[in-house]
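S.K.: Here it is, the structure in full.
The values are calculated or read from the model by the stated rules, or taken from the named source; none is laboratory data. Fair warning: this is a prediction, and the values are worked out from it, not measured in the lab. As a convention, Cβ positions derive from the backbone with ideal geometry for all residues, glycine included, and neighbour counts pool all protein chains shown. Ligands, DNA and RNA are excluded from the accessible area calculation, which covers all protein heavy atoms including side chains. Shrake-Rupley method; radii C 1.70, N 1.55, O 1.52, S 1.80 Å.
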Amino acid sequence: MAEEAITDAPELATGDGVRRRDFINLAAVSAAGVAGVSLLVPLISQMAPSADVLAESSTEVDISAIQPGQAIKSIFRKQPVFIRNLTPKEIAEANAVPISSLRDPQTLAERTKEGKENWLITMGVCTHLGCVPLGAGEGEIKGEFGGYFCPCHGSAYDTAARIRKGPAPKNLEVPTYEFTSDTVVKIG
Amino acid sequence: MSFPWAHEYTPSHPFMKWMDEKLPLPRLVYNSVGSGYPVPRNLNYFWNFGFLALACLGIQIVTGVILAMHYAANAGVAFDSVEHIMRDVNWGWMLRYAHANGASAFFVVIYIHIFRGFFYGSYKAPREMVWLLGVVIFLLMMATAFMGYVLPWGQMSFWGAKVITGLFSAIPLVGEPLQQWLLGGFAPDNASLNRFFSLHYLLPFVIVGVVVLHIWALHIPGSSNPTGVEVKSESDTVPFYPYYIAKDGWAMGLFAFLYCAMLFFFPNALGHPDNYVPANPMSTPAHIVPEWYFWPFYAILRAFTSDFFFIPAKLMGVLAMFSAILVWFFLPWLDRSPVRSGSYRPAFKKFFIILLIDVLILGYCGGAPAAEPYVMISQIAAIYYFAHFLIILPIVSSIERPDPLPFSITEAVLGSDEQAALAPAE
Ligand code: HEM
Ligand code: FES
């Protein structure tokens, strides 16, 4: 009691008006605060994709058997990829669309590799909420615009897999890929 | 906390006296669900649904903890472990059906409980906090049920997880990383299944905690009642024990009868056959729908098919869906009528019925395929839904002329109240 009265005595608090105790208090609480907040880093980032998930192997696909008008589904990062061999008619349809009328304006040429305009390679993941659109498998409906149709909430894509109707905001994503030979593509 | 005429806890047994001094738990029970808690004498059956909700939570926790003893949260074996529960574990089929149908029963009960609140103005002062905590419980329930449905790792589980976490990808800039963070990958997989199981086990106990707060907040003013007139004197109330314990017990019996009928005779009526197909990331089922209790909100999500001013359709749908529940948080301040009970509000009563029908229509559309005419109907119904809360309620509460209220609960029940004669004329 007596001791406290001395340390807290007003005489000692004069001068610049800052008490030693205030400083220690502030420093201790700040240090604890910073330490507490920094704990959030591991707690939050542990939920992000782990190293094995991120170590996405690239996929090589043999496309020699895909006839014009046909498509196959392959897998990249545990998600479907559509590899489609467009017919000249489908290419013409895609090129006939005025770019300015599109929700996500892109030409077919921008979405394919030069000289390989017939190979439309996209993720099979609807840009709305992620369902697999129909249209790549044999006999599946292709929707109003002849490309893909997502049954979940009715998004329709055209023959360049561009969004034309429904709630999806973007064209089907084109993953990074390259042709390692005339008949093999390497995705990723 | 309670009314002055509440019975006082007076332990007579020496052990109970000793206990009362060291840890007055029996006193707490006596004062909150025993003879020491006076409750309005005129509560109707809609007031049983709070108790039934608690019973459902109990059923889910008991059956859930048991299922977790036999279930394996690994994408490679989760589906098979649920089939193992169904075929090999003693009584496993019953426990799993009890849990799956228990979730449905829980939502039936909670929707009635919520609409009871809408009609009788239970959200109004002095019970705003009770209401707000209730909305929090409902949000936690939705999260819990969603993650539970992912656990069997069937087709609907997988695509439900994909579509619902896809909602977050609508958020500008951070959306896509956020979705990957939630899933722990680019698509639902083992990491997602594991964390969903962990949280599905945790959240029900968080709900228990919020339920305690909900009841604590309720017991400060005490229950409302069908007249909405506050308790005035002892003749307006009866003690919770034995009166309402008995009535809740009777309601529990009726509930158990219906629940068992569901469980033993139609266990899959509310389920989806596609969920008996193992998850396949390569193909989406032709018609994916969430569980029935999400349908009204799912219909609102799908109602936005084209961009709305600068906001893309996808983001708009997500915002609308969440707002449909968040708007409940503002209800105590949107409905300004001083009269609580819908029974005395002629105009409000009609709009309440229309809202009920509107939500049923939304529910129907949410379960239907995403095609016309359902999309258009959902759009109209979604607009009406928001108009009810944001426009109709404030206007009705300011222009409506309520019917005369009874002087007291006693008068409403018995036709007269001697207190009324003593009170100064109003
Ligand atoms: C708020 C309470 C709860 C709700 C609304 C709820 C809801 C659900 C739902 C809808 C399912 C999917 C049922 C199916 O189609 O098979 C499920 C599964 C499961 N739940 Fe719960 N649950 C709750 C509490 C709990 C608790 C407390 C535990 C464990 C401690 C638990 C453990 C499980 C397990 C292991 C499964 C997977 C087995 C199965 O699919 O039947 N649940 N839950
Ligand atoms: S996920 Fe494809 S339209 Fe919604």
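S.K.: Please name all residue pairs, on different chains or six or more residues apart, with Cβ atoms under 9 Å, provided the first residue is in the stretch B:53-66 and is closer than 22 Å to B:Ile112 by Cβ and the second residue is open to solvent by 30 Å² or more (accessible area, probe 1.4 Å) and of a type in the set (Gly, Ala, Ser).
M.R.: Within 9 Å, the pairs are B:Ala55/B:Ala256.
S.K.: Give the number of residues within the stretch B:154-190 that are within 25 Å of the chain's Cα centre (by Cα) and open to solvent by less than 30 Å² (accessible area, probe 1.4 Å).
M.R.: Applying the first criterion (within 25 Å of the chain's Cα centre (by Cα)) to the stretch B:154-190 yields B:156-168, B:182.
Filter once more, so that each one left must be open to solvent by less than 30 Å² (accessible area, probe 1.4 Å): B:156-163, B:165-167.
So the answer is 11.
S.K.: Still on this structure, please answer the following. Applying the selection to the stretch A:39-65, what residues are assigned to a loop (DSSP other than H, G, I, E, B), under 23 Å from the mean Cα position of the chain (by Cα) and at pLDDT 85 or above?
M.R.: A:Gln46, A:Met47, A:Ala48, A:Pro49, A:Ser50
Rundown of residues vs (1) over 20 Å from A:Gly130 (Cβ atoms); (2) exposed (fewer than 14 other Cβ atoms within 10 Å of the Cβ); (3) of a type in the set (Val, Ile, Thr), yes/no style:
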site	(1), (2), (3)
A:Gly36	yes, yes, no
A:Ala48	no, no, no
A:Asp62	yes, yes, no
A:Pro68	yes, yes, no
A:Arg84	no, no, no
A:Thr87	yes, no, yes
A:Thr107	yes, no, yes
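S.K.: Being aliphatic (A, V, I, L, M) and free of Cβ contacts under 8 Å to residues at least 60 places away in the same chain is the filter here, so list the residues in the stretch B:183-200 that pass it.
M.R.: Residues satisfying the conditions are B:Leu183, B:Ala191, B:Leu199.
S.K.: If you don't mind, there's one more thing I want to ask. Would you mention how many residues in the stretch B:287-336 are within 12 Å of chain A (Cβ to nearest Cβ) and within 16 Å of ligand 1 (Cβ to nearest atom)?
M.R.: Count: 4.
S.K.: Return the residues of the stretch B:131-145 that are closer than 19 Å to B:Arg195 by Cβ and more than 8 Å from ligand 1 (Cβ to nearest atom); say none if nothing qualifies.
M.R.: B:Leu139, B:Met142, B:Ala143
S.K.: Can you name the residue in the stretch A:122-160 that is open to solvent by 10 Å² or more (accessible area, probe 1.4 Å) and outside any loop (DSSP other than H, G, I, E, B) and, of all such residues, is nearest to ligand 1 (Cβ to nearest atom)? Steps first, please.
M.R.: Step one: filter the stretch A:122-160 for residues open to solvent by 10 Å² or more (accessible area, probe 1.4 Å), giving A:123, A:125, A:127-128, A:134, A:137-146, A:149, A:151, A:153-154.
Subset that is outside any loop (DSSP other than H, G, I, E, B): A:123, A:134, A:146, A:149.
Numbers: A:Met123: 29, A:Leu134: 26, A:Gly146: 38, A:Phe149: 29 Å.
Among those residues, the one meeting the criterion is A:Leu134.
S.K.: Let me ask something additional. May I ask you to list the residues in the stretch B:225-277 that are over 22 Å from B:Ala55 (Cα atoms), part of a helix (DSSP H, G or I) and not polar (S, T, N, Q)?
M.R.: B:Glu234, B:Asp236, B:Pro273, B:Asp274, B:Tyr276
S.K.: Could you please let me know if A:Ala92 is open to solvent by 70 Å² or more (accessible area, probe 1.4 Å) and in the same structural domain as A:Thr122 (by TED's automatic domain parsing)?
M.R.: Taking the combined requirement at face value, the residue does not satisfy it.
S.K.: Using beta carbons and a limit of 9 Å, which pairs, at least six apart or on different chains, have the first residue in the stretch B:395-406 and more than 13 Å from B:Trp333 (Cα to Cα) and the second one β-branched (Val, Ile, Thr) and open to solvent by 30 Å² or more (accessible area, probe 1.4 Å)?
M.R.: Cβ pairs passing all conditions: B:Pro406/B:Val413.
S.K.: In the stretch A:170-188, which residue that is farther than 15 Å from A:Lys113 by Cβ and open to solvent by less than 40 Å² (accessible area, probe 1.4 Å) is nearest to ligand 2 (Cβ to nearest atom)?
M.R.: Filtering the stretch A:170-188 for residues that are farther than 15 Å from A:Lys113 by Cβ and open to solvent by less than 40 Å² (accessible area, probe 1.4 Å), the one nearest to ligand 2 (Cβ to nearest atom) comes out as A:Leu172.
S.K.: Now for a different question. Would the stretch B:257-271 turn up any residue that is open to solvent by less than 30 Å² (accessible area, probe 1.4 Å), modelled with pLDDT under 95 and either within 14 Å of chain A (Cβ to nearest Cβ) or in contact with a Ser or Thr (Cβ under 6 Å, 6 or more places away or on another chain) (or both)?
M.R.: Within the stretch B:257-271, none of the residues are open to solvent by less than 30 Å² (accessible area, probe 1.4 Å), modelled with pLDDT under 95 and either within 14 Å of chain A (Cβ to nearest Cβ) or in contact with a Ser or Thr (Cβ under 6 Å, 6 or more places away or on another chain) (or both).
S.K.: Hey, another quick one. Based on what the data block shows, is B:Arg87 under 30 Å from B:Asp189 (Cα atoms) and among the charged types (D, E, K, R)? Quick ask: steps written out before the conclusion?
M.R.: Details: under 30 Å from B:Asp189 (Cα atoms): yes; among the charged types (D, E, K, R): yes.
The answer is yes for B:Arg87.
S.K.: For B:Leu390, only one of the following conditions fails: (1) open to solvent by 60 Å² or more (accessible area, probe 1.4 Å); (2) within 14 Å of chain A (Cβ to nearest Cβ); (3) touching a residue at least 12 places away in the same chain (Cβ under 8 Å). What is its number?
M.R.: Exception for B:Leu390: condition (2).
S.K.: What are the residues in the stretch B:193-221 that are within 15 Å of ligand 1 (Cβ to nearest atom) and of a type in the set (Val, Ile, Thr), if any? Don't jump to the end; show me each part of the working.
M.R.: Here is the first cut: in the stretch B:193-221, the residues within 15 Å of ligand 1 (Cβ to nearest atom) are B:193-212, B:214.
Across the stretch B:193-221, the qualifying residues are B:Val206, B:Ile207, B:Val208, B:Val210, B:Val211, B:Val212.
S.K.: While we're on this one: Select from the stretch B:155-182 the residues that are in contact with a His (Cβ under 8 Å, 6 or more places away or on another chain) and either in contact (Cβ under 8 Å) with a residue 60 or more places away in the chain or more than 11 Å from chain A (Cβ to nearest Cβ) (or both) and list them in ascending order.
M.R.: Step one: filter the stretch B:155-182 for residues in contact with a His (Cβ under 8 Å, 6 or more places away or on another chain), giving B:156, B:166.
B:Met156, the sole residue that qualifies.
Rundown of residues vs (1) free of Cβ contacts under 8 Å to residues at least 12 places away in the same chain; (2) open to solvent by less than 20 Å² (accessible area, probe 1.4 Å), yes/no style:
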{"position": "B:Ser306", "(1), (2)": "yes, no"}
{"position": "B:Ser323", "(1), (2)": "no, no"}
{"position": "B:Arg336", "(1), (2)": "no, no"}
{"position": "B:Ser343", "(1), (2)": "no, no"}
{"position": "B:Val359", "(1), (2)": "no, no"}
{"position": "B:Gly366", "(1), (2)": "no, yes"}
{"position": "B:Ala370", "(1), (2)": "no, no"}
{"position": "B:Met376", "(1), (2)": "yes, no"}
{"position": "B:Ala382", "(1), (2)": "no, yes"}
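S.K.: Would you say B:Ser416 is of a type in the set (Ser, Thr, Tyr), within 30 Å of B:Pro38 (Cβ to Cβ) and touching a Ser or Thr at 6+ places or on another chain (Cβ under 9 Å)?
M.R.: Considered against the rule, which asks whether it is of a type in the set (Ser, Thr, Tyr), within 30 Å of B:Pro38 (Cβ to Cβ) and touching a Ser or Thr at 6+ places or on another chain (Cβ under 9 Å), B:Ser416 comes out as yes.
S.K.: Also, quick follow-up: Which of the residues spanning the stretch B:12-45 are polar (S, T, N, Q), under 33 Å from the mean Cα position of the chain (by Cα) and open to solvent by 40 Å² or more (accessible area, probe 1.4 Å)?
M.R.: B:Asn31, B:Asn44
S.K.: Can you tell me which of (1) in contact with a strand residue (DSSP E or B) (Cβ under 7 Å, 6 or more places away or on another chain); (2) within 27 Å of A:Leu54 (Cα to Cα); (3) within 10 Å of another protein chain (Cβ to nearest Cβ); (4) not acidic (Asp, Glu) is the one A:Lys78 doesn't meet?
M.R.: So A:Lys78 meets the others, but not (1).
S.K.: Taking the stated definitions as given, is B:Ser224 open to solvent by less than 30 Å² (accessible area, probe 1.4 Å), within 16 Å of ligand 1 (Cβ to nearest atom) and touching a Phe, Trp or Tyr at 6+ places or on another chain (Cβ under 7 Å)?
M.R.: No: the conditions fail for B:Ser224.
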